[in-house]
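Note sheet for the following structure.
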Amino acid sequence: MTSAEPAHAAPHAREKAPPVTAVKPERPVRQARTVCKNRDWLHGLLMSTPAVAGLIAFVAIPFGYAVVLSFYNVRLGSPLAPTFFGLEQYRRLFTDPDLSGPFLRALLNNLTFAVVVVPVQTALALGLAILLNRKLKAIGLFRSFFFMPVVFPMALVAVIWRLILARGDQGMLNSALHAVSFGNWGALDWLGDSATAMASIIVLSIWQGVGFQMVILLAGLQQIPGELYEAAELDRAGRWQQFRHVTLPGIRGTLVFVVLLTSVLSFRVFDQVYVLIDGGGLNEDATRTVMYQAVTTAFDQNNIGQASAITVVFFLIVVALTLIQRRVVRPDNED
Amino acid sequence: MSSTTGLTRTPLRRFLDYAVLSVLAFVFALPVLYLFVGSLKPSDEVLDGLSGFLPTHLSLDNYTAVLDSLNSDSTGYFWRFMGISLLLAFVVVTGGLFVNSMAAYGLSRLKWRGRNAVFTLVLLLMLVPFESVAVPLFYLFNDQRNTLYILALPFIANAFSVYQFHTFFRSIPPSIEEAARIDGAGPWRTFFAIVVPMSKPAFASVAILTFLTQWGSFLWPVLMVSDPSVRPLPLEMSVFQAQLPPDYGQTLAFGVLLVLPVLIVFVFFQRWFVQGVASSAVKG
């Protein structure tokens, strides 16, 4: 006996659903009981349990634990028992003259990173998506080229760019600058100089990440009906006007999502900074990020309480960004 | 900027489109080109200004040197690093597909009390990036450092994967499952025999996103691994490039070996990569 007729009518049943074998009357004995014969609640619970238990164990509980730990003076490997610290960790992070310096610098660095990367990367991704959203041959090949860096692990991206940005005239970029400026530029220490270190991190991060946003925006662009552009052309709308009045409104939701995604990702920056400080001579002070600070505080200084406080601040920033995005999206949904 | 229709495209404009795209694609490909060319060159010619691009004195020496130098107990074994990364990716991807799709089915198709509360919890946990639980996890599992299972376990259950499956399952017309249920199939059978085979696109895109993230995974191994016998490949890449004196040719050869598996997957399953990423935006 195969599954009943509606299955074949349904559009999704491209491949025929496998036959469901012999009907065995289920639970014939239990029927007498007053219990609801539908036991979906049990199966639903059982099916959800492994994933939900994992999420509770590895996300919910550790997150709650981070908040608790941030109120304690707790150090890894310390013989002393943890003592309640109240808000002292937070006070130190923000106002202690000795401890707040690196943390506030990390916050500032993340902010700089976000302020540059969010608009630049989004605009670049949108530009690429618009270029790719046309009926040309080999468009898929170009799309692959722009998307390819996304599959590169960040540790590797850092290493490649470490060589491109190497100091002296050995570095690829310096050598190129030297050639085009007839020897007037070049020989910069891109990663080591505090003035260019963050810019270097920004460039390599955009190179790696822009394809991701591009693909999302391309999917958004492809959902705009072509008739809208035809109508706009009939109305003699120029290219800019078409962009302004058809393209932008058509992808507003996607664009807001991409901006949010990019800003959250900007605060999660860690891998490239860690790798390049570790072996690439990257200027630590100019590029340390909040996550870098949390890891070094926990790992190198064993200061779990303070690292937890940094984590909580990091999380609050992420939540704030999400809430702002919700605010921006809502009026759009109503009109 | 420019229109998105192909309606009024003259040959000149088409030529310009190709020109712009080609120049951009070339710029994007330069670092990748450098990686591959450099990995085949003698180390002292890799970091040598623009001539680093020139394909001169090509050989596989750097590759054999990487494999030879990472071939003892004190340095760890290259193939072991690779194997660990592959194993972790396999466990996280297959385990994740299994538990997350099952949970999504239980949460989208079976009706039970508390279901909405549980799903709301999943949605809330989706907002918590791994970075914000890394420190407490590091503290909680400190005595489990340098074990393989702790590198994989926290990433199997994934709120975002549950959400992606949930979205997909809701788009399947319920009539198919109802028919199966009427025929006497229980929810497990309905799920595994009917819903899973129909949901290949969702499984493919979740699998690929998970694989991509897991293959590059760095922060958690940095915190949890000091022993080379359980070190995944990206972490070893970081250790390898930091050693003194640096050997750039070998470092790039290492990099090629690190990216090759994911690049192969990318070339063959490109469509799913792109769809997987694009589908992550359905969120909005």
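The values are calculated or read from the model by the stated rules, or taken from the named source; none is laboratory data. If you're wondering where the values come from, they're calculated on a predicted model, not measured in any experiment. Here the Cβ is made from the backbone with ideal geometry for all residues, glycine too, and neighbour counts use every protein chain on show.
Within the stretch B:234-250, which residues are facing chain A (nearest Cβ under 8 Å) and touching a residue at least 12 places away in the same chain (Cβ under 8 Å)?
The first filter runs over the stretch B:234-250 and keeps only residues facing chain A (nearest Cβ under 8 Å), leaving B:234-235, B:237-238, B:241-243, B:246, B:248.
B:Pro234, B:Leu235, B:Met237, B:Ser238, B:Gln241, B:Tyr248 - these are the residues of the stretch B:234-250 that are facing chain A (nearest Cβ under 8 Å) and touching a residue at least 12 places away in the same chain (Cβ under 8 Å).
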*asked:* Restricting to the stretch A:208-248, count the residues that are closer than 21 Å to B:Arg271 by Cα and part of a helix (DSSP H, G or I).
replied: 14
*How about the stretch A:129-159: which of its residues are within 24 Å of A:Phe267 (Cβ to Cβ), part of a helix (DSSP H, G or I) and of a type outside the set (Gly, Ala, Ser)?*
A:Phe147, A:Pro149, A:Val150, A:Val151, A:Met154, A:Leu156, A:Val157, A:Val159
*asked:* Given (1) more than 30 Å from B:Tyr248 (Cα to Cα); (2) outside any helix (DSSP H, G or I), identify the lone condition not met by A:Leu188.
replied: (1)
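Working carefully through the options B:Ala134, B:Ala159, B:Ala117, find the one that is in contact with a Phe, Trp or Tyr (Cβ under 9 Å, 6 or more places away or on another chain), of a type in the set (Gly, Ala, Ser) and closer than 24 Å to A:Phe315 by Cβ.
Sole residue among the options that is in contact with a Phe, Trp or Tyr (Cβ under 9 Å, 6 or more places away or on another chain), of a type in the set (Gly, Ala, Ser) and closer than 24 Å to A:Phe315 by Cβ: B:Ala134.
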*asked:* Every residue in the stretch B:195-206 that is more than 10 Å from chain A (Cβ to nearest Cβ) and buried (at least 21 other Cβ atoms within 10 Å of the Cβ), please.
replied: B:Ala202, B:Ser205, B:Val206
_Residue count for the stretch B:157-168, restricted to those that are part of a helix (DSSP H, G or I), more than 7 Å from chain A (Cβ to nearest Cβ) and either hydrophobic (A, V, I, L, M, F, W, C) or closer than 22 Å to A:Val67 by Cα (or both)_ = 3
*Scan (1) free of Cβ contacts under 8 Å to residues at least 60 places away in the same chain; (2) of a type outside the set (Gly, Ala, Ser); (3) buried (at least 23 other Cβ atoms within 10 Å of the Cβ); (4) over 26 Å from B:Ile84 (Cα atoms) for the single condition B:Phe191 breaks and write down its number.*
(1)
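Does A:Leu132 satisfy the condition of being more than 19 Å from A:Ser205 (Cβ to Cβ) and in contact (Cβ under 8 Å) with a residue 12 or more places away in the chain?
Values: more than 19 Å from A:Ser205 (Cβ to Cβ): yes; in contact (Cβ under 8 Å) with a residue 12 or more places away in the chain: yes.
Yes.
Which of the residues belonging to the stretch A:131-158 are of a type in the set (A, V, I, L, M, F, W, C) and out of contact with any helix residue (DSSP H, G or I) (no Cβ under 7 Å at 6 or more places or on another chain)?
Passing the criteria: A:Ala138, A:Leu141.
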*Checking A:Val269 against (1) under 21 Å from A:Val116 (Cα atoms); (2) part of a helix (DSSP H, G or I), which single condition isn't satisfied?*
(2)
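Among the residues of the stretch A:223-269, count how many are of a type in the set (Phe, Trp, Tyr) and surrounded by 20 or more Cβ atoms within 10 Å (Cβ to Cβ).
The initial filter retains those residues of the stretch A:223-269 that are of a type in the set (Phe, Trp, Tyr), namely A:229, A:240, A:243, A:257, A:267.
Then keep just the ones that are surrounded by 20 or more Cβ atoms within 10 Å (Cβ to Cβ); that gives A:229, A:257, A:267.
The number of residues fulfilling the criteria is 3.
Residues are listed down the side, and each one gets a yes or a no for (1) modelled with pLDDT of 85 or more; (2) touching a strand residue (DSSP E or B) at 6+ places or on another chain (Cβ under 7 Å); (3) closer than 19 Å to A:Ala129 by Cβ:
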position	(1), (2), (3)
A:Trp185	no, no, no
A:Ser200	yes, no, no
A:Gln213	yes, no, yes
A:Ala219	yes, no, yes
A:Pro225	yes, no, yes
